[in-house]
Amino acid sequence: MSDILKIANEFSIRGEPSGFVRIDSGHINDSYRIRISPVGSQEYMLQKINHRIFSDVPVLTCNILKVTKHISEQLRRQEPGIPFVELFLIPTRNNMFFYPDGEGNFWRMFNFIDGSRSFDQVPGPEHAYEGGRAFGLFLKLTTGMDIAGLAETLKDFHNIETRLEAFRRTCAENPCKRVEMAGNEIRFIEERAEEMHTILRLGRSGQIPLRVTHNDTKFNNILFNSHNKAICIVDLDTVMPGYILYDFGDAIRTGANSGAEDEADLQKVLIDMDLFSAYSKGFLEYAGGILTKAEKEQLAFSARFMTFIIGLRFLTDFLDGDNYFKTRFPAHNLQRARTQFKLVQSMEENSPAMEKIISDLCKLTS
Ligand code: GN1
Ligand code: MG
């Protein structure tokens, strides 16, 4: 039996693990779909947690347990009719919710959502609309959850001040002598750095509230069923207190980009206004009655902000020698950063139209 299947067997699963498929879409953890015999049995998702990044595995696990429990309860109570499927951690045979393998690695297991699929790129407006509804529902279901009970699994995760500090420090130290390769991108960042403090400032001055937020709302973290209905939100590692604008913005970054996250042909990288409009419509159907005026006013900008800050992180990682994100070729992080910055540019050009779409939708949904 392979090591992966042996580890899968450490969890309280029903049936025999008979095979696995590696899922390659995440940049942080290693994920495997575990097949179970007899065929047709419930399958599982086994993950090796990247504990270099998530250093406190018990705290991480505790957050996920709280969130999955809360969402399951609220789903049953508030939305019994919709096809959403519950996600939950599978205990080990020793009744723990993660498994230390003796080699310093930590593993965990979720139920695999039967028949589901996710999209690295959005197929069209119907999927974007469904995705928006799913994250709007996530907001609705987690509103009312005790924020103080959630740990900050990654401190200052979307804090522009600390991200810019790390970037500037890396530029100054230039550990891999790569600064010379990124002159245009570095200038691009500095020209926009000031404006990018907007959300943090509004938050600090109490004008936008802290909420329970997902913080990694990449479109591929939404699972769809075969009828193209969104049925689950996954990747709960970064669910913690945050600003809802981060969740909206990151979903647009990935859900309304006409190209892939690392598209090399920058001409293909544009904000797709139909996808933007469809996602926003879906999101506001649930969120419209929850968000404050100040939050709504920043929704269009938040897309630019999140695209900028993820580009900033890709570039910092490139300059630092690619220690954080998994990469598939030497300048992968530089390419990802260029793609993000091209998308920021496209959003800047379309900013009045994006603002109008949001304000029209808000009039309908508030
Ligand atoms: C990482 O693991 P994945 O691919 O869901 C990263 C996100 C970035 C994203 C960029 C914990 O997410 O913050 O937005 O890559 N997750 C962490 O694609 O850093
Ligand atoms: Mg993630």
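Please list, in order along segment 28-44, the HN-Hα scalar couplings obtained from phi with the Karplus expression 6.51 cos²θ - 1.76 cosθ + 1.60 (θ = phi - 60°), rounded to whole Hz, x for Gly and Pro.
Along segment 28-44, the couplings run 10, 8, 9, 10, 9, 8, 9, 8, 10, 9, x, 3, x, 6, 4, 9, 9 Hz.
For the residues L245, L334, what sequence is obtained by ranking on other C-beta atoms within 10 Å, fewest first?
L334, L245
Relative contact order for segment 250-300: what percent, with Cα pairs under 8 Å and sequence separation of 6 or more?
29
Apply the Karplus parameterisation 6.51 cos²θ - 1.76 cosθ + 1.60, with θ equal to phi minus 60°, to every residue of segment 213-221 and state each ³J(HN,Hα) to the nearest whole Hz, in sequence, with x for glycine and proline.
3J(HN,Hα) across segment 213-221, in whole Hz: 10, 7, 6, 8, 8, 3, 4, 6, 8.
List M145, M109 from most exposed to least, where exposure is judged by having the fewest other Cβ atoms within 10 Å.
M145, M109
Separation of segment 16-56 and segment 213-249 by C-alpha centroid, Å?
19
Tell me the mean residue ellipticity at 222 nm calculated for the chain from its helices only (DSSP H runs of n ≥ 4, each -39500 (n - 2.57), averaged over every residue, nearest 500).
For the chain, the value works out to -14500 deg cm²/dmol.
For the chain, go through all pairs of different Cα atoms, get the mean of 1/r, take its inverse, and jot down that Kirkwood value in Å.
One over the average 1/r among Cα pairs gives 21.3 Å for the chain.
Take each uninterrupted DSSP H stretch in the chain, measure its Cα extent along the helix axis, and return the ones at 24 Å or beyond whose mean Kyte-Doolittle hydropathy is at least 0.0.
299-320
Just need the relative contact order of segment 289-366 here, percent rounded to a whole number, with Cα pairs under 8 Å and 6+ apart.
Once normalised by length, the contact order is 41 percent.
Every number in this text was worked out from the coordinates using simple rules, so none of it is lab data. What you see is a predicted model; the values in this text were computed from it and never measured. Here Cβ is always computed from backbone atoms with ideal geometry, including for glycine, and neighbour counts include all displayed protein chains.
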